[in-house]
Structures are given as structure tokens and as C-alpha cells.
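To keep things clear, I will list the structure first and then write my remarks on it.
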Amino acid sequence: MLQMLEKIKETTEFIQKNISFKPEIGIILGTGLGGLVNEIDIKHTMSYETIPNFPISTVEGHSGKLIFGILGGKKVIAMQGRFHFYEGYTMQELTFPVRVMKFLGIERLFVSNASGGVNPGFEIGDLMIITDHINLLPDNPLMGKNYPELGPRFPDMSEAYDKAMIQKGIEIAEKLNIKYQMGVYAAVTGPCFETPAEYLRMRNTGGDAVGMSTVPEVIVARHMSVPCFAISIITDLGVPGKIVEVSHEEVIKVANEAEKKMTLLMKELISSL
Ligand code: HPA
């Protein structure tokens, strides 16, 4: 059986053999945020199932494709369809594409997701620029053998989300009159949404929003020293007095409504780099 590092190299070589395109920016498109794809001048696409060692997406509303193209004048690689711990992948499997994107050449990673807001100042449909995270998943993608070629055994996480990109993101949001929030994203396994008591616990733990993704990918990116920027769409509220029944359909609906401002902000930020 191939070891992880050999698999990353094999997959990278496969992609490079099929297409000659060196991306500088990686993008993970989360729930209902696929609209950014329409802004990309697409040069190549590859379905996950054709790529050796790649996991295959199973969740409703997520198709699995790697997209290579130009966005805001930059060479980007976008993951259309991401992987979640609740689907049954290991942390190493679900973060594998981030490893490959780094080997292909990315220098920055952009991530979007949907989450439940636990900060009482938030409203449904708000965009939250993620300033930090709390890993409440019962695992870490860096468990097991460490490969010094990828990064250190004990990577620093004091700036998981790049401060300079956050500052630029704020300036762009203000210039474009896009309402934004800032806050800490707490990652849980799901797939069930939280009980009112669990939402309260997230708030008391220091979270502003809770979701089921992003943190594993950011940990792996930071392990490889890739600066990260992430935005979350607040699709529901886990705030006492405001908690109502939540469904995947509702999450997608709100995410789709917020897609336009999210797309604009990400595109402008990428162009400005
Ligand atoms: N909890 C966890 N994940 C989520 C939520 C939530 O309320 N909304 C969207 N993703």
C-alpha cells in the first residue's frame, strides 16, 4: 500500500501529465456557493472519480470536480464538491485534495462554508469572515506519521487565518457595501444539527458559528504553511429565543441567497492579491 506522501506525488503527477496548468490559488467551494465557478474562465476540469487516490463526493448538492481556470487575473484551482468527516472519510482522506493542491503549486487557500450562528448579534444570511477556529472534531488530520516534506510535527496555529487577507477582505466588503461579521468558527462532526443546549455550549466555548467543515482543510494547509482565508454564510441561528427547526434544504436556500455577495467578495479579494 502506498504511503500518503507517495499517493500525493502520484496524484499530482497524474494531474500534471493530463493538463499543463500551475495554479497559484486554491479554492474550496462549500454548500450552495458553487456560483463562484461562473466567474472562472475555465481551462480544464477533472472529475474526482477519474483522479487516482481522490475521495469521491457523496453528499447531496455537491458534485465532485476539480476546476482549473482564471479568476480575477489569477490561476486558480477550485474544488467543486468537498468532503466531510460525517460522510465517513478519515481526516487524512478528506484533506488529501488540499495536499495535492499545494503540490500543484497553490500559495493561498480560500474556503467557504455554511454554519449556524451562535453569536446573538448575527442574522440569517450574514457573511462571517472567519478569524479563528476551534476544532471540536474528535480527530486531527495530522495524527499519525508526520512527513517533514509536508510540514513540522507540531505546526503553529497562532494565525490559522491570514491577518493580512482578513484586513483586505474587510476593506473590500466595506468598499462594496457588503455587510460582514467576523468570528470564530467551531467545527463539529454533524451530521445532525445542534440541540439548543449544544448551541449554547458552542457560544460558551468561544464560538460565533458552528459548522461541519473547513477546519481539517485549514489545519492541513497551515501544516504546509499555506495562508488561508475563509468565509462562512450564517444559514440559521443557534441563539436562545431564535432557534427554529433547521433543514439541509433551508441551509442551501439561505446559502444560495447569500451567494452573490460572497462571490463578489471572494473574487475581488483574489483580484487584489
Ligand atoms: N450547525 C452545524 N452546521 C451547520 C449549521 C448548524 O446550525 N448550519 C449550517 N451548517
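Laid out as a table, the results:
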quantity	calculated
Residue that is farthest from the ligand (Cβ to nearest atom), among those in region 172-213 that are part of a loop (DSSP other than H, G, I, E, B) and charged (D, E, K, R)	K179
Pairs where the first residue, in region 172-195, is surrounded by 17 or more Cβ atoms within 10 Å (Cβ to Cβ) and the second is of a type in the set (F, W, Y), C-beta under 7 Å, 6+ apart	A173/Y180; Q181/F122
Single residue of region 120-137 satisfying the filter (more than 12 Å from the ligand (Cβ to nearest atom) and out of contact with any helix residue (DSSP H, G or I) (no Cβ under 7 Å at 6 or more places or on another chain)) that is nearest to M224 (Cα to Cα)	D132
Of all residues making up region 229-261, the number that are buried (at least 22 other Cβ atoms within 10 Å of the Cβ) and under 15 Å from I170 (Cα atoms)	4
Subset of region 101-119 [out of contact with any Cys (no Cβ under 6 Å at 6 or more places or on another chain), open to solvent by less than 10 Å² (accessible area, probe 1.4 Å), outside any helix (DSSP H, G or I) and within 14 Å of V226 (Cα to Cα)]	I106, F110, V111
Within region 80-93, considering residues that are away from the ligand (no atom under 16 Å from the Cβ) and within 27 Å of L127 (Cα to Cα), the one modelled with the lowest pLDDT	G81
Condition met for K145 (open to solvent by 30 Å² or more (accessible area, probe 1.4 Å) and modelled with pLDDT under 95)	yes
Matching strands (runs of 3 or more DSSP E) fully within region 12-100 where at least 2 residues are over 25 Å from P191 (Cβ atoms) and not β-branched (V, I, T)	41-47, 65-71, 74-80
Per-region count, region 120-139, residues under 17 Å from V215 (Cα atoms), aliphatic (A, V, I, L, M) and open to solvent by 10 Å² or more (accessible area, probe 1.4 Å)	3
Among (1) within 17 Å of the chain's Cα centre (by Cα); (2) without any contact (Cβ under 8 Å) to a residue 12 or more places away in the chain - the single one T50 does not satisfy	(1)
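The values are calculated or read from the model by the stated rules, or taken from the named source; none is laboratory data. All values derive from a computational prediction rather than experimental measurement. Note that we place each Cβ from the backbone using ideal geometry, even for glycine, and neighbour counts take in every protein chain shown. Heavy atoms of the whole protein, side chains included, go into the accessibility calculation; ligands, DNA and RNA do not. Shrake-Rupley method; radii C 1.70, N 1.55, O 1.52, S 1.80 Å.
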